[in-house]
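Peer 1: Quick one: the structure is below, and I'll ask about it shortly.
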C-alpha cells in the first residue's frame, strides 16, 4: 500500500499552476475494467497523459500544477478509506487530515512529501471494483498557494461507474 502513495506522489508533483471550471454534464473521458465502464469529466484545460508502463496507473491527467491519477490495487478491506488514509500519513513529513466521508468513500488531506517541497492538498475517492477484491483509488492534488480545489472537486464528483450488462435475448 505504501508503494501506491510513493507512486502517487511522483505523479502529483509534476505541474506548476492553474485552475478552471468544468461545464459538461456527460463524461468526457472513460475507461473500462472488466465489465465495468468508468467515466469522468475533464475540461479542455486538462490533458490526459499516457499511463506509465509497469505501474498500476489506470488514468492520469494534468492541468498546470493540478494532477489527477487513478490507481488500481488489490486488497479491498472493510474499512478501506480509513486504512488508506492511515497509510498515507506514513508517506509525508507533514500531514494534516482535513475531511473523511466514509459514506461517499472520500477523504481530503494536506501534506508535504519532503521538507523542501511545497504543501499540496489531496482529495481522494475509492471505488471497489464490482465482483472483485480490487479497488480504484482516485487522487487529485494541487498547490493551495497556486490554485483552488474547484477542478478536483468537479472531477471526483463526476467520476462514476456503470456496470455493462449483456443484452437480454428476446
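The values are calculated or read from the model by the stated rules, or taken from the named source; none is laboratory data. Small disclaimer: the values here were computed from a predicted structure and weren't measured. Using ideal geometry, Cβ is built from the backbone for each residue, glycine included, and neighbour counts are taken over all protein chains shown.
Peer 1: Give the residue that is farthest from residue 38 (Cα to Cα), with candidates limited to residues of the range 116-130 that are surrounded by fewer than 18 Cβ atoms within 10 Å (Cβ to Cβ) and free of Cβ contacts under 8 Å to residues at least 40 places away in the same chain.
Peer 2: 116
Peer 1: Can you tell me which residues in the range 131-144 are within 17 Å of residue 108 (Cβ to Cβ) and surrounded by fewer than 23 Cβ atoms within 10 Å (Cβ to Cβ)? So that I can check it myself, show each step before the final result.
Peer 2: Initially, the range 131-144 is screened for residues within 17 Å of residue 108 (Cβ to Cβ), giving 137-144.
Scanning the range 131-144 gives 143, 144.
Peer 1: If only one of 56, 67 is touching a helix residue (DSSP H, G or I) at 6+ places or on another chain (Cβ under 7 Å), touching a residue at least 24 places away in the same chain (Cβ under 8 Å) and surrounded by 13 or more Cβ atoms within 10 Å (Cβ to Cβ), which one is it? Even if it seems obvious, please write down each step before you answer.
Peer 2: Working: 56 fails: touching a helix residue (DSSP H, G or I) at 6+ places or on another chain (Cβ under 7 Å).
It is 67.
Peer 1: Is there a residue in the range 148-162 that is assigned to a loop (DSSP other than H, G, I, E, B), at pLDDT 90 or above and closer than 17 Å to residue 32 by Cα?
Peer 2: Checked the range 148-162: at least one residue is assigned to a loop (DSSP other than H, G, I, E, B), at pLDDT 90 or above and closer than 17 Å to residue 32 by Cα.
Peer 1: Got a sec? Which of 147, 157, 113 is more than 24 Å from residue 40 (Cα to Cα) and surrounded by 15 or more Cβ atoms within 10 Å (Cβ to Cβ)?
Peer 2: From the options 147, 157, 113, the qualifying one is 113.
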